[in-house]
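Asker: My questions all concern the structure below.
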């Protein structure tokens with residue numbers, strides 16, 4: 001019944017309708033733009049290490065996100081999101097013109113791709129800074145759950161459709177057309193967000209106060225060993241996950257025909273995540289949270305190693321991607337629950353803000369080193385190292401007393 005209620009919220013609350021339309025169109029456009037940039041780097045830059053640098057640029061978003069949050073508390077979130085999307089449209093259009101100009105030569109200087117991409121990653125947090133707050137402001141409290149569900153599901157649906165559609169468009173129309181579709185999506189997103197009333201927020205949060213919040217968050221982190229261990233596990237899990245960002249497109253390009261196959265593989269992962277989410281949310285999870293979370297890490301590593309059984313078969317790789325999505329589905333909810341059980345309510349925002357820049361660097365650094373390492377290890381070696389490393393991270397976490405005794409200690413603490 002939440003579907004009926006969700007569409008009722010979309011119809012009833014105009015501001016939420018604009019936000020939902022903006023998010024849905026923008027998410028789909030992002031998939032197209034990301035695919036063009038990825039394949040432009042693979043086909044036109046001429047260096048595998050450049051692919052690693054492309055992923056390293058993503059670290060900028062993790063570092064800028066806390067600053068974007070402060071700006072969102074001090075200025076109109078809607079204006080910031082509109083401005084962010086307009087800047088992204090300009091930057092993406094510039095990148096499209098660069099690729100169109102150089103594609104006939106068969107080579108694009110990589111710095112001309114990297115610089116616009118880096119600017120995009122810096123601006124991206126501004127373009128997304130106020131979505132959840134807009135829901136809480138314009139939708140009645142009793143409808144928050146339904147509105148948030150519909151908002152999330154719309155993003156997930158574009159995640160399912162986006163990779164395959166992006167792959168098909170890149171294969172059929174080249175690298176430039178999807179980029180300009182992404183430009184159009186940014187402008188359309190800005191137009192829909194502009195229809196939402198602007199509000200200015202007089203918050204007492206300053207850059208100095210943000211620094212104090214970080215310090216308090218890190219102090220809290222250092223006093224709770226389980227949080228340190230969990231941050232390290234998330235970092236290294238993301239680090240080894242970064243291998244997929246480099247290894248999978250190279251595999252698709254060499255063995256499976258390129259962008260279309262690559263898109264289908266990630267769509268299968270998304271389908272697995274959806275199925276897993278439905279399974280795990282349909283019943284109360286009674287197994288220990290910390291052990292379950294780290295078991296997911298071990299299973300992910302084992303599935304990565306399974307790729308090597310028949311890595312040249314697109315059907316086999318697709319099946320493994322489907323299974324990895326299924327296994328991964330409960331990981332983020334487990335991680336959030338662990339944080340909520342350890343951190344007091346008044347400290348949750350500060351601790352989360354302190355952890356996010358640390359854990360958010362894992363994937364970009366992993367992708368960067370994968371771009372360098374693939375020249376020496378090959379694709380097979382890259383996935384082997386990723387699988388072994390991920391299994392090792394999960395096993396170490398399962399053996400740590402802080403994780404093994406987590407549920408028991410929390411139960412004793414609450415009694």
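Asker: Looking at this structure, is residue 351 at pLDDT below 80, buried (at least 17 other Cβ atoms within 10 Å of the Cβ) and under 23 Å from the mean Cα position of the chain (by Cα)?
Answerer: Taking the combined requirement at face value, the residue satisfies it.
Asker: Testing residue 316 on (1) surrounded by fewer than 17 Cβ atoms within 10 Å (Cβ to Cβ); (2) assigned to a helix (DSSP H, G or I); (3) modelled with pLDDT under 85, one condition comes back false. Which one is that?
Answerer: Condition (3) is where residue 316 drops out.
Asker: Among the residues of segment 245-259, which ones are assigned to a helix (DSSP H, G or I), in contact (Cβ under 8 Å) with a residue 60 or more places away in the chain, surrounded by fewer than 21 Cβ atoms within 10 Å (Cβ to Cβ) and more than 21 Å from the chain's Cα centre (by Cα)?
Answerer: Listed by number, the residues that qualify are 253, 254.
Asker: Here is a further query. So, in segment 24-50, how many residues would count as being more than 30 Å from residue 104 (Cβ to Cβ) and surrounded by fewer than 21 Cβ atoms within 10 Å (Cβ to Cβ)?
Answerer: Qualifying residue count for the region: 3.
Asker: With respect to residue 400, is the statement that it is surrounded by fewer than 21 Cβ atoms within 10 Å (Cβ to Cβ) and either modelled with pLDDT of 80 or more or touching a strand residue (DSSP E or B) at 6+ places or on another chain (Cβ under 8 Å) (or both) true?
Answerer: yes
Asker: Determine, yes or no, whether residue 222 is in contact with a helix residue (DSSP H, G or I) (Cβ under 9 Å, 6 or more places away or on another chain), part of a helix (DSSP H, G or I) and surrounded by 19 or more Cβ atoms within 10 Å (Cβ to Cβ).
Answerer: So residue 222 fails the test.
Asker: Quick one: which residue in 34, 57 is at pLDDT 85 or above and within 19 Å of residue 265 (Cβ to Cβ)?
Answerer: Among 34, 57, only 34 is at pLDDT 85 or above and within 19 Å of residue 265 (Cβ to Cβ).
The values are calculated or read from the model by the stated rules, or taken from the named source; none is laboratory data. From a predicted model like this one, the values you see are computed outputs, not experimental measurements. Don't worry about glycine lacking a Cβ; one is built from the backbone with ideal geometry, like all the others, and counts go over all protein chains shown.
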